[in-house]
Every structure is written in structure tokens, then in C-alpha cells.
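The values are calculated or read from the model by the stated rules, or taken from the named source; none is laboratory data. For clarity, every value in this text was computed on a predicted model and none was experimentally measured. With ideal geometry, Cβ positions are generated from the backbone for all residues, glycine too; neighbour counts draw on all protein chains shown. Quick note on the areas: whole protein, heavy atoms, side chains included, nothing else; ligands and nucleic acids left out. Shrake-Rupley method; radii C 1.70, N 1.55, O 1.52, S 1.80 Å.
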Amino acid sequence: MQTIKFSQTVSLIREYLFPLGCAVCGQTLLNKREAWFGLCGNCYDSFPREQRRCCSACGRPLISEAEICMNCRRTDAPAVAYDSMTLLYQYIGRAETLLKAYKFGKHRVLARFFSEKLISAMNCLPSGAIWTPVPPRKGKIKTAGWDQIEHIARILEKQMNIPVFRCLKRIASKAQKTLGQSERLTNLQGRILCTKNPPEEVIVFDDVFTTGSTMDVCARTLKSAGAKKVHGICLFYN
Ligand SMILES: [Zn+2]
Ligand SMILES: [Zn+2]
């Protein structure tokens, strides 16, 4: 924990002394607002809230008039434990550059942009719902030096006044991205624990939604610990 705090302090000092350009196009940031979000005005505007109709089961954008997408309508589609899923941007092009700049390119300031997008996408939910981050994989923080989701959680708390309740914990499992969908579920089953009594209504947030299995296991865990409703939100989807 001490090491994480230290590396965050170092990165804050570095960001102050040597400000990075726009996380997407690299252009010099021209004013306070651009520097605050780490994005130039053009790149900021290129991420409007996608006002698309989304599948009520998985949250992916819908192509047809139906309420549920083709994938979720399949009879062999696994039932999901979350009550709703909100997905913001497809993980391609600029969106991919953006997340990579945040995760690997030292543009930690983007957590402010992500927090703002998360809140504006979820502002229609009942106000009693409490935000909970997806727990990091064991060893990830050690390798990367910081927890990217936890950093967003801190911005939500400190700069947006959104209470964040940390109650999920992950026990060692293989990295999800190396596995297929069914393997992902088995890999995670029972490996996410709820360490405190959860709130009645929870919003679980994460960066990327791929198969939904991490969200599903988080929702299952929260519900078996007593949560009544679990909503998911992810910044990007594959
Ligand atoms: Zn830009
Ligand atoms: Zn769906």
C-alpha cells in the first residue's frame, strides 16, 4: 500500500512539472479545463455519451427493435446475475488509445474524465445505489504498480463526492484475458468474495467489458451476500 501511495505521489509531482499533452492526439493542452481532464477540446468532444438503445440484459447497443440482443436471446445464453448493464464506448480507435494512455502511458489524470463519464451515464439510477469497484486481480498491482480502477474510485470519492464502498475481494485466479467465456466463469466462480455486508442496491464499475463474466460473478457474490439489486457499468466494451 505504501509503495502505491509513493508511486502516486511521484506521478502527481511529475504531472505537475512535466505536463503531458492530450492523451489521444498528443497536442499541447491549452487551458485549465483541458489539463484537468488530460484531453484537448476536440478529443474530449469526440467521446459524447452514446445515446443508443442497449440490450436490457448485457448492455450492448441494440441493432433491432427488440429489447434483448441476439446474443442474449439464444436459448443457451447463460443467465446473468446483474439487473442492468451500462456500457459506454466501443473499445476501438480513439477509445483504445485513451484507455491505453491511462493504463500504460502515465496519463492518470484521465481518471477525472472517466469518473465524469461514469456518473453522467448512471445519473438516472435510484440515488440510494452505492458504487463498488471490481476488485483487481491478485498480483496485478504488483506488476503495474497501481490499481487503475481504485484510482477512479478515489476520484469519485474525493472530487465528485460519490461514496464508494469497497466490499469485493479477489483471490488468486488465472488472468481472465487468456481464457474463453466458459473458462472465464469457472476461473472466477467462488474467487470473488464479499468481505462486508453489501448495500441493498449496488453499482459495480470496471474499465472493459468483454464477456461479462467478471461482472456476473461480482453480481452473484453481492447478491448471495444480501444485495437486492446489482447494476454494472463499464467504460468500454469489446
Ligand atoms: Zn487531443
Ligand atoms: Zn444482450
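Here the Karplus curve 6.51 cos²θ - 1.76 cosθ + 1.60, taken at θ = phi - 60°, turns the phi angles of the stretch 221-238 into couplings of 4, 5, 5, 6, 8, x, 5, 8, 10, 10, 10, x, 9, 10, 5, 9, 9, 8 Hz, with x standing for Gly and Pro. Cβ-Cβ distance of Leu193 and Leu30, R₀ of 41 Å, FRET efficiency by 1/(1 + (r/R0)^6): the value works out to about 0.35. Cross-link partners for Lys138 among the lysines, with Cα-Cα distance under 25 Å and sequence neighbours closer than 8 places in the same chain left out: Lys5, Lys100, Lys103, Lys106, Lys169, Lys174, Lys177, Lys196, Lys223. Rounded to the nearest 500, the helix-only mean residue ellipticity at 222 nm of the chain stands at -11000 deg cm²/dmol, with each DSSP H run of n ≥ 4 adding -39,500 (n - 2.57). Among the protein heavy atoms of the chain, carbon and sulfur supply 56% of the accessible surface, probe 1.4 Å, non-protein parts ignored. Take the chain with all the other protein chains still there, run a 1.4 Å probe, and you get 53 Å² of accessible area per residue. Here the spin labels are modelled as points 7 Å beyond Cα on the Cα-Cβ line, and at Lys138 and Ile68 they lie 3.6 nm apart. Which loop-located GluC sites (Glu not before Pro) does the stretch 58-136 contain, where loop means any DSSP state but H, G, I, E or B and the Cβ has at most 15 other Cβ atoms within 10 Å? When the GluC sites (Glu not before Pro) of the stretch 58-136 are filtered for loop state and at most 15 Cβ neighbours within 10 Å, Glu65, Glu67 remain. Once the Cα atoms are used to define both axes, helix 2-17 deviates from the longest principal axis of the chain by about 50 degrees.
Please work out how much length the chain gains when fully extended from Gln159 to Ala172, using 0.36 nm per residue of separation minus the C-alpha to C-alpha distance, in nm with one decimal. If you can, show how the numbers build up before the last one.
Values: separation 13, 0.36 × 13 = 4.68 nm, distance 3.16 nm.
Fully extending the segment from Gln159 to Ala172 adds 1.5 nm.
Just to confirm the number: angle between the C-alpha axis of helix 148-160 and the first principal axis of the chain, 0 to 90 degrees, nearest 10? The angle comes out at about 70 degrees.
Could you list the trypsin sites (Lys or Arg not before Pro) in the stretch 89-148 that lie in coil according to DSSP, counting only those with at most 16 other Cβ atoms within 10 Å of their Cβ? When the trypsin sites (Lys or Arg not before Pro) of the stretch 89-148 are filtered for loop state and at most 16 Cβ neighbours within 10 Å, Lys106, Lys138 remain.
With both residues required to sit in the chain, DSSP beta bridges show an antiparallel share near 15%. Among the chymotrypsin sites (Phe, Trp or Tyr not before Pro) in the stretch 85-154, those placed in a DSSP loop whose Cβ has at most 16 other Cβ atoms within 10 Å are Phe104. Sorting the Cα pairs of the stretch 27-71 by distance into bins of 10 Å, from 0 upward, gives 26, 27, 18, 23, 6 percent per bin. Using every pair of separate Cα atoms, the Kirkwood estimate puts the hydrodynamic radius of the chain at 18.7 angstrom.
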